[in-house]
Amino acid sequence: TSVNVDAVAPTIHTTNGEIGGIVEGRQVSHLPLNGRDITNLMLMLPGQTPETNSSFQFEINTSGNGNRGTTGSSFLDGMDASDNELGGGQFGNFNLDAIAEFRVLQNNYSAEYGRGSGTIVSIVSKTGTNEFHGSGFEFLRNDKLNARNFFAPSVAPFRRNEFGVTFGGPLWIPKIYNGKNRTFFFFQGAGFRQRLANPVVIPVPTDAERKGIVSIVPAGGAPYTLQVPLTSDASAILAKYPMPNTPNGVF
């Protein structure tokens, strides 16, 4: 048994001066990603940082080598997938199992990417083969596995289901090219469902305040109380609030 290992230095591009990087399909499928957001893979490449002044909080923008995120463009299988108004990509939770590779170009790219002047993201999806292949996944988070939030009296409801499938293969047509198909199909789908409750701690009227008795602590002075007259409408509104359940207040 023999094992041959060949190490070849990367070839210098002498025909163009573009600067960028490639993330291969193996990296996409094997690297851990919280939320399976492809933007996190872009940040692995040199010169890429999160866009801290994005025009819209849901836009997928990264700043490459100082360029603003809104000046970038995104392409999926050669088709423009950029946001027409704010730049950047229109997808973040694209099914990672369906990505063959993606390139991130930062500087000196060719005129074919003329729409954008910032970071260019080009995603290549997987294709079918002469055999049927597929995959499926689901990531689950559930409040049954969570501890109680410090500020909540009980465990807050939390359900997150992130799931997807891929399937590809040959189309059944006559094999006229050396006994192999030349036409394939590939399907991918993904979904995200989340039901989440965040605990909010707010002060509610005390029993004394419901009767119009208000305690005041002035700065540098002695505390005192006031008797505030309450109308029937005010009393009805105060009765809608629950009674306090923390004797020391909200803090």
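The values are calculated or read from the model by the stated rules, or taken from the named source; none is laboratory data. Remember, it's a predicted structure, so these values are computed and weren't measured experimentally. Neighbour counts run over all protein chains shown; Cβ positions are idealised from the backbone, glycine included. These area figures cover heavy atoms from the full protein model, side chains too; ligands, DNA and RNA do not enter into them. Shrake-Rupley method; radii C 1.70, N 1.55, O 1.52, S 1.80 Å.
Structure notes:
- With respect to (1) surrounded by 12 or more Cβ atoms within 10 Å (Cβ to Cβ); (2) under 30 Å from residue 21 (Cα atoms); (3) under 26 Å from the mean Cα position of the chain (by Cα), the lone exception for residue 138 is condition (1).
- Selection within region 199-227: residues that are among the small types (Gly, Ala, Ser) and under 20 Å from residue 244 (Cα atoms). The member of this set that is most open to solvent (accessible area, probe 1.4 Å) is 215.
- So residue 88, is it touching a Leu at 6+ places or on another chain (Cβ under 6 Å), modelled with pLDDT under 75 and crowded, with 18+ Cβ neighbours inside 10 Å: no
- Condition met for residue 157 (open to solvent by less than 90 Å² (accessible area, probe 1.4 Å) and either in contact with a Leu (Cβ under 8 Å, 6 or more places away or on another chain) or in contact (Cβ under 8 Å) with a residue 12 or more places away in the chain (or both)): yes
- Residue 110 vs. criteria open to solvent by less than 90 Å² (accessible area, probe 1.4 Å), modelled with pLDDT under 80 and touching an Asp or Glu at 6+ places or on another chain (Cβ under 6 Å): no
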